[in-house]
Amino acid sequence: MQNEENNVMEKIVSLAKRRGFIFQGSEIYGGLAGAWDYGHLGAELLNNIKSSWWKKFVSDREDMYGIRAAILMRSEVWEASGHVAGFADPMTECAKCHHRFRTDQLDAEKTDGGMKCPDCGGALGESRQFNMMFSTKIGAADDTAATVYLRPETAQGIFVNFKNTVDAYHPKLPFGMAQIGKAFRNEITPRDFIFRSREFEQMEIEYYIRPETWEVQFEYWQNEMADWMKSVGMDMSKVHVLDVAPEDLAHYSKRTVDFEFDYPFGKKELFGLAYRGSFDLTNHKLDYHDEETGENIVPHVIEPSFGVDRAFLALMISAYTEDEMNGETRAYLKLAPHIAPVLAAVSPLLRNKPELVEKSRAVFSALKKEFGRIAYDDNGNIGKRYRRQDEIGTPFCIVIDFDTLGENPANLDTVTIRHRDTGNQERVAIAELITFIKSKITA
Ligand code: ATP
């Protein structure tokens, strides 16, 4: 079982590179650990994940305010939030090979209770706290330079704009603020492909509530998070809710739930939901003036937090499928139409027949104008094109053949649509194509 699982991970990593979803960062110079570059298909898939999130949690709601804060933030922000003092992981270094490890991730059995290096067997040094924030200097002259931090979470960019948002829009409680953006953590051991990187993306919501409503709101947001996961096609049989034990909770949190996912390398965190009380607004000395009652209160906060890259990985794992079709094994990504990087591929049955090519280009242009994520594929024979599109998760392959041109008059101006998951084909009129495809996009 373990081997099979490792195998799946290898296949996904290899597919991701071969088909241009994800490359190692700075690869031609030997790679940069913990940094990943998304190629065209990866960038499209990421955009679809983010758009679906933004639509559900921002555009479709009346009580949510989007924000796009700067990545560089003043050090005072991170002093107030507690990150300068406490955003650290325990680290130990091998005296012999100098590899560094997260003390809390060492396998006690393989490391003699955390004393021996898992790589070379050398002696591990004493554990010390390592702050994971990346810092840099602002300004040209060194002496006047001020330390600023690359944000390790998008959340603080939201909190520091609480007052600006309230002053600009006068929202009534409860309301939320949402942000999608990069976060940076100097992870001691980046690993497991894009699961733990040093540069990654987050989608976070800070939802401001009256304190007495926290339990109802917590439950509501937990359901909302699960609804979104289902809607993007996450394999929910692999998702588990872990109620973080009281002794493991951050001191300000009354409740935290981790959504864990069965990755091939183990059950690990996918997303988190935390009840943060008034911790952040109090630290930034912010409060809320209720214009109706005249009172000033410090709202409490429910925080649903999503990692974009972990969502990407969990979706690839959920979608990766192998089956037999026409006596051959095939691998394909069973991605939902609104998430797949390519929605449909248009092909002429034969690429050396100008009438077919002309018609195909016309169908392609019309669909491309409407949907954007449309490919034109005339490489190799039809069977090969299907395999290639299956592998990247394209739900529909549209083929223009001689019937389209009227060889069989009953089929004039119709095309073949071949469905990725079943291999089934049906004929659809060109005039109906846009409506047909739209009807298949369910979210
Ligand atoms: P972990 O315990 O795995 O380090 P965390 O509890 O520190 O994660 P949070 O601080 O709650 O993570 O961050 C919110 C979300 O950001 C996580 O649920 C995850 O989806 C994502 N995330 C956090 N760290 C990373 C990372 N190094 N690489 C990719 N995504 C990350």
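The values are calculated or read from the model by the stated rules, or taken from the named source; none is laboratory data. Owing to the predicted nature of the structure, the values given are computational and were not obtained by experimental measurement. All Cβ positions, even for glycine, are placed from backbone atoms using ideal geometry, and neighbour counts span all protein chains on display. Remember, those area values only see protein heavy atoms, side chains included, never the ligands or the DNA or RNA. Shrake-Rupley method; radii C 1.70, N 1.55, O 1.52, S 1.80 Å.
Only Cα pairs under 8 Å and at least 6 apart count here; give the relative contact order of the chain as a rounded whole percent.
About 12 percent, as a whole number.
Rolling a 1.4 angstrom probe over the protein heavy atoms, how many square angstrom per residue are accessible across the range 342-442?
Accessible area per residue: 47 Å².
Where nothing but the Cβ of Lys and Arg (+1) and of Asp and Glu (-1) is charged, how large is the charge dipole of the chain around its Cα centre, in debye to the nearest 20?
Once rounded to the nearest 20, the dipole reads 1420 debye.
Express the carbon and sulfur contribution to the solvent-accessible surface of the range 342-442 as a percent, rounded to the nearest whole number, probe 1.4 angstrom.
With neighbouring chains kept in place, the figure for the range 342-442 is 51 percent.
Points 7 angstrom from Cα along the Cβ direction at GLU355 and GLN425: gap in nanometres?
Inter-label distance under the simple model: 1.9 nm.
What accessible area per residue comes out for the range 155-301, rounded to a whole number of Å², with a 1.4 Å probe?
Averaged over the residues of the range 155-301, the accessible area is 43 Å².
May I ask you to list the aspartates and glutamates whose Cα is less than 12 Å away from that of LYS334, ignoring any residue fewer than eight positions away on the same chain?
Within the straight-line limit of under 12 Å, LYS334 reaches these aspartates and glutamates: ASP235, GLU322, ASP323, ASP390, GLU391, ASP421.
Counting only other residues whose beta carbon sits under 13 Å from that of ASN186, what net charge do I get with K and R as +1, D and E as -1?
Net of charged neighbours comes to +3.
On the protein heavy atoms, probe 1.4 angstrom, tell me the percent of accessible surface of the range 63-215 carried by carbon and sulfur.
Answer for the range 63-215: carbon and sulfur cover 49 percent of the accessible area.
State to the nearest 20 debye the size of the charge dipole of the range 342-442 about its Cα centre, where the only charges are +1 on K and R beta carbons and -1 on D and E beta carbons.
Its charge dipole is roughly 360 debye.
Based on DSSP, what percent of beta bridges with both residues in the chain are antiparallel, to the nearest 5?
85 percent
Find how much the distance from GLU76 to ARG128 grows on full extension, using 0.36 nm per residue of separation minus their present alpha carbon separation; answer in nm with one decimal.
Gain in length upon complete extension: 16.3 nm.
Between GLU324 and ALA43, what is 0.36 nm times their sequence separation minus the Cα-Cα distance? Round to one decimal in nm.
98.2 nm
Which of LYS230/LYS359; LYS56/LYS238; LYS96/LYS137; LYS50/LYS268; LYS11/LYS230 have a Cα-Cα distance over 31 Å?
From the list (LYS230/LYS359; LYS56/LYS238; LYS96/LYS137; LYS50/LYS268; LYS11/LYS230), the Cα-Cα distance tops 31 Å for LYS230/LYS359; LYS96/LYS137.
Over all alpha-carbon pairs in the chain, figure out the percentage whose distance exceeds 38 Å.
35 percent
Which of GLY25, GLY66, GLY139 ends up with the largest GNM mean-square fluctuation for the chain, with Cα atoms connected below 10 Å?
GLY139
Could you give the angle, 0 to 90 degrees to the nearest 10, between helix 40-54's Cα long axis and the longest principal axis of the Cα atoms of the chain?
Compared with the principal axis, the helix lies near 60 degrees.
Mind grabbing the accessible area of TYR169 for me, 1.4 Å probe, Å², rounded to tens?
Here the accessible area works out near 130 Å².
Along the charge dipole of the chain, pointing to its positive end and built from +1/-1 on Cβ of Lys, Arg, Asp and Glu, which listed residue (TRP36, THR404, SER231) has its Cα farthest out?
With unit charges placed on the Cβ atoms, the residue in question is THR404.
I'd like the accessible area for TRP36: 1.4 Å probe, protein heavy atoms, all chains in place, Å² to the nearest 10.
70 Å²
In Å³ and rounded to a whole number, note down the convex hull volume per residue for the Cα atoms of the range 342-442.
Convex hull of Cα atoms, per residue: 90 Å³.
Take the alpha carbon gyration tensor of the range 122-224, find the square roots of its eigenvalues, order them as a ≥ b ≥ c, and report rounded if a/c is under 1.5; if not, report prolate when a/b exceeds b/c, else oblate.
Oblate.
For the range 224-272, give the percent of accessible area contributed by carbon and sulfur heavy atoms, probe 1.4 Å, rounded to a whole number.
49 percent
In a solvent-free Debye calculation with one equal scatterer on each Cα, what is log10 I(q)/I(0) for the range 74-171 at q = 0.12, 0.13, 0.21 Å⁻¹, listed in the order of the q values?
-0.61, -0.67, -0.98
For the range 233-254 and the range 377-441, compute the distance between their C-alpha centroids and round to whole Å.
Each part's Cα centre sits 44 Å from the other's.
Once the other residues with Cβ under 14 Å from the Cβ of GLU27 are scored (Lys, Arg +1; Asp, Glu -1), what is the net sum?
+1
Given the whole protein assembly as supplied and a 1.4 Å probe, what does the accessible area of TYR220 come to in Å², nearest 10?
My reading of the accessible area for TYR220 is about 90 Å².
Tell me, rounded to the nearest percent, the portion of alpha carbon pairs in the range 242-347 spaced more than 16 Å apart.
73 percent
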